[in-house]
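Derivation of every value follows stated rules applied to the coordinates shown; laboratory data play no part. Note that this is a predicted model, so its numbers are computed, not measured. Here the Cβ is made from the backbone with ideal geometry for all residues, glycine too, and neighbour counts use every protein chain on show.
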Ligand SMILES: *Cc1c(COP(=O)(O)O)cnc(C)c1O
C-alpha cells in the first residue's frame, strides 16, 4: 500500500482541525469541578429526567422522525409556528445541515475570528471556503463582515452571544448586518446562550426570522436546559429553509429519549427561572472576583467568562490551567480560538466558583 492507492477524502476534509472537547480529567482522589464546556451547574429539569424513563419503555420503536412533540413544545413556549421549526441532534447537527444544504464547492461562508469552531468544521466539510473576518475588542464587527461578502458568499454564521468571548451584538447591529447582506445569503444566528442574556438591546433573532426569508436562528438544550448528554437542538427559520433542511437531515435524527426530555424541559418554566437566577448572581460575582485578582475579564452576557492572564513567566494561561486542574478545577484553554493566554471559565456551582477564585488567588500570589 502506498499513498496513491488509498481512498482520499474530498478536498477540505483533511484541513479540518478536529474539535477538542473540554477536559474532565483530574488527579485521582481530587473532586472534579468541570467548568470547561458551559454545562449547567443546576442540571436538567426533573420532569425531563422522568420523561426519559418513560421513553425507555418503547426502545424497539423508531422515534417520530419529525420530532413533532418537541417542535410543538418549543413552538408553544416561544409563540412560534411548529412548521417553521426543525430539531437536531444538538444544534451542532443543524449547523452542519445548514452548511451541507447551502454550500457547494467553491462557495464561501463567513464567520468571525473568535467565532465558534464548529462553523469552520461545517464549512470545510461541505467543501466550501471559510472566510474569517476580524473582530473589534473580542466582538463581531458588522462592517468587517459586510466587507467580506463576495458573489461566492452563501452563508454567514454569527453566534450571538458568542462563545468563547461572551460578547453580543445588539439587535440593531444584527438588523444592520441583515440589511447589508444580499437576500440570497443565509444569515445563521446561533443563539445557544440567548436565555442567559439580560440586556434590553438584545434579541435572540426570532422576530428577524419571522420578518425575512434568509435568516435562521439555532438554539440548544445543552446549556441552560442542562441536557447536553442527550444532544438536542432546534432552529427556527422560514418555511422554505426548514423544507430544504428536512430533506438533508437523517430521517430519525433526534432520538425518542431526547424528544420526550426536551419537550418536558421546555415546559418546566421554574427550572429555567432557577438557572437564570443562579447565573445572574454568579456571573457578576465571578467577574468581580477575577477582576479583584487583577485579571482582565471580557464582559460576558453568557454562562461563562473569558479570562486573560498576564504575559509573565509562570503566570500564563497554560500555567494557570495546570495549577487549577491539579486542584480539580477544569477550565478551558482557548488557544484554538485565537486566545493563547486566556482561559474560559463556565459559571458553576457556588463551590466550584469560589474554589476556582481561591485557587487562582494562590496561583497569582
Ligand atoms: C454550546 C454551543 C452550541 C450548542 O451545541 P449543541 O450541539 O446544541 O450541544 C452551539 N453554538 C455555540 C456557540 C455553543 O457554544
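Tabulated values for the structure
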{"item": "Within segment 74-162, percent of DSSP bridges classed antiparallel, to nearest 5", "result": "20"}
{"item": "For a label point 7 Å along the Cα-to-beta-carbon line of residue 291, residues of segment 115-148 with backbone N under 11 Å", "result": "none"}
{"item": "Mean Cα-pair separation over length for the chain, i.e. relative contact order, pairs under 8 Å, 6 or more apart, %", "result": "25"}
{"item": "Global form of segment 246-344, assessed from the alpha-carbon gyration tensor, a/c cut-off 1.5", "result": "prolate"}
{"item": "Helix-only [θ]222 nm of the chain, DSSP H runs n ≥ 4, -39500 (n - 2.57) each, per residue, nearest 500", "result": "-11000 deg cm²/dmol"}
{"item": "Sorted by Cβ neighbour density within 10 Å, fewest at the top, the residues 111, 363", "result": "363, 111"}
{"item": "Sequence of 107, 83 once ranked by neighbouring C-beta atoms within 10 Å, starting from the fewest", "result": "83, 107"}
{"item": "Computed over segment 67-134: relative contact order in percent, which uses C-alpha pairs under 8 Å that are six or more apart", "result": "28"}
{"item": "Prolate/oblate/rounded call for segment 46-267, Cα gyration tensor, a/c under 1.5 rounded", "result": "prolate"}
{"item": "Fraction of beta bridges assigned by DSSP in the chain that are antiparallel (%, nearest 5)", "result": "50"}
{"item": "Cβ-based exposure ranking for 93, 273, 173, in which fewest neighbours within 10 Å come first", "result": "273, 173, 93"}
